[in-house]
């Protein structure tokens, strides 16, 4: 039965503590009640390293930035700068992967809106087979064709291309003599991927769909940023089919998420002749230090590991004209905008094109507001010489329905349309059918490679001994905590249950030990998880340890936004996506922690381990059990049946922190479970 003290007589716990403290002065026996009550008040899960994970990531990103800056500083000549640009292009391609096969666009104009100075053609084209893109083509009237063309990329607006600011720049360009094609992003406007029978969003709009579809794609080796960029490349392909367009002058612009796409498109598509990303360009370091989450499309895999920063995607355009449009009061840190501009200015100077790089900082908050749009017009006009307009022409905003390309505003109702999920599910099935079963040694190598595990040091881990934990309603009267250093400035927190007060290093108590890997918190689960009590009764003479790997329990981050850990855009996602940018999957980092804890237990002579993993902890427990000869027995609770199950489910519930990139090309969890049968694998409450 629990020994917790609960509030009584209508008093809060704080009031009871205050009362107990005052009584303890006059009545010494009250000290016992006060002590128990204070212990109960401490039963919020322990979280003593909440900044550890964040500071480790800050260090990684800072070190990457310093290496990049050193490389830039070494450039002395035009030839050096040209070599740097070639290197940037190659590294970007490595991050984004090869382009998919170009398939027929199948363009169709579904309606035309006539206005005095231009017409709007509502267009649908297929960027992939069965994957329609809805777009508006603004074509100036009364001009001598061909005219400069611009692809407009939308930010995170629910109505996509119909958003007021995006209509405004498309109209503004058309009225000055540009042919502008602006298209709906995946998950926005007419391109929702998850809808109900009434064509209403099920998952959410914009970032919610991007995260939901994009995170799942990682399992099959697809990357949402490339899917989004491919839509932009195919939009350019369509624009260049139009006789009204002058192929010598082709620009790209967009704001926020559209600024992201403009930036990535500069890096992966060489046909642009000018570019103007708005409200995106800063540095990866500023975003990390400022705890600013970005959705899946804004975080290319391996990008930081490859030594790239946001300015490098614009450097890939060099020496073509590019202007960075920023905002003084943007959440994308304007200091990073200025730093990016300074780096590019030096590069362009070496290339003899210093005037081809620009920076404009608007005075207001995030958004493609008029002053930024006008800065874009001036820049493009300076390149294409199509207009001398200084201010934005008068804009008349159309109703959303006027700009619809589909009958009811969603492509999902069009015959033959496929969703992002359809592609993910089909690829998962294809990978599963083609994947061969591996022997244990080959499987271990594959697991280690996918996890990106660095070599384990030969030295035993150092550790800190923390204060006595007291009786926190654990299965034993006492416990002690150790912070095991798994790599510099990173600790896994290990508890050892004891029958007596213990303040020092752990005793050497035989070869066998039980190590429980927590789902979310060892401290909480030692009180509330029945499996631990069951195992403690079954193994009465076995030392029992529990472990919080990085990012949960004692080191669960308190960053990004208080209480955001479980939210789609919260800190658990924030570090998981940055782990992929660093090419060190978060789950690989957690498995590494666990392997180092096993090394630590070996230094205590515990070389026969019963490894137990629960929930999120079942993933690193599975992989560590496969890779470590110390593990002789394995118990998993709430473990996942397979990654294929997640990849092939339209609606799933799994955080990115428990996923691995391209895992299904190499192995799936059932492969690991088969190999662990020789270690007496027991699975409980399988998901």
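Things to note:
- Projected over all directions and averaged, the alpha-carbon convex hull of segment 75-429 occupies 16.9 nm².
- Compared with the dominant principal axis of the Cα atoms in the chain, helix 440-451 is inclined by about 60°.
- Cα shape, segment 293-419, gyration tensor, a/c 1.5 rule: oblate
- Within the chain, antiparallel bridges make up roughly 45 percent of the DSSP beta bridges whose residues both belong there.
- When 63, 121, 339 are arranged by Cβ crowding within 10 Å, least crowded first, meaning fewest neighbours, the order is 63, 121, 339.
- Pairwise FRET efficiency - residue 641 versus residue 346, Cβ, R0 = 60 Å, nearest 0.05: 0.65
- For 544, 233, the sequence from fewest to most other C-beta atoms within 10 Å is 233, 544.
- Estimated [θ] at 222 nm from DSSP helical runs (n ≥ 4, -39500 (n - 2.57)) normalised by residues in the chain, nearest 500: -11500 deg cm²/dmol
- Under 11 Å from a label point set 7 Å out along the Cα-to-Cβ vector of residue 110, the amide N atoms of segment 405-433 belong to 405-415.
- Difference of contour (0.36 nm per residue) and Cα-Cα distance, residue 119 to residue 158: 11.6 nm
- Degrees between helix 224-239 axis and first principal axis of the chain (Cα, 0 to 90, nearest 10): 10
- Overall form of segment 543-687 per C-alpha gyration tensor (a/c, 1.5; a/b vs b/c): oblate
- Segment residue 442-residue 241, extension gain: residue separation times 0.36 nm, minus the distance between their alpha carbons: 67.4 nm
- On Cα atoms only, tilt of 370-384 relative to the major axis of the chain in degrees: 50
- As a proxy for reagent exposure, 243, 687 were ordered by neighbouring Cβ count within 10 angstrom, fewest first; the result is 243, 687.
- Share antiparallel - DSSP beta bridges, segment 435-684, percent rounded to 5: 45
- Between residue 432 and residue 686, the simple spin-label model (points 7 angstrom out along Cα→Cβ) gives 1.3 nm.
- Contact order relative to length of the chain, as percent, for alpha carbon pairs under 8 angstrom and 6 or more apart: 14
- In a fully extended conformation the segment linking residue 44 and residue 501 would gain 162.3 nm over its present Cα-Cα distance, using 0.36 nm per residue.
- Once both labels are positioned 7 Å from their Cα atoms along Cα-to-Cβ, the gap between residue 198 and residue 467 label points is 5.6 nm.
- Normalised contact order of segment 75-429, rounded percent, pairs of Cα under 8 Å and 6 or more residues apart: 21
- Here the spin labels are modelled as points 7 Å beyond Cα on the Cα-Cβ line, and at residue 396 and residue 364 they lie 2.3 nm apart.
- Read-out Cα extents along the principal axes in Å, derived from the coordinates shown; its label in (1) 93, 65, 60; (2) 80, 53, 52; (3) 71, 68, 56: (1)
- Measuring nothing but how far apart in sequence close Cα pairs (under 8 Å, 6+ apart) lie, relative to its length, segment 122-249 scores a relative contact order of 30 percent.
- Sorting 564-571, 620-627 by their mean Cβ neighbour count within 10 Å, with the most densely packed peptide first, gives 620-627, 564-571.
No lab work stands behind these numbers, since they all come straight from the coordinates. Computed from a predicted structure; not experimentally measured. Please note: Cβ atoms are built from the backbone with ideal geometry, for glycine as well, and neighbour counts cover all protein chains shown.
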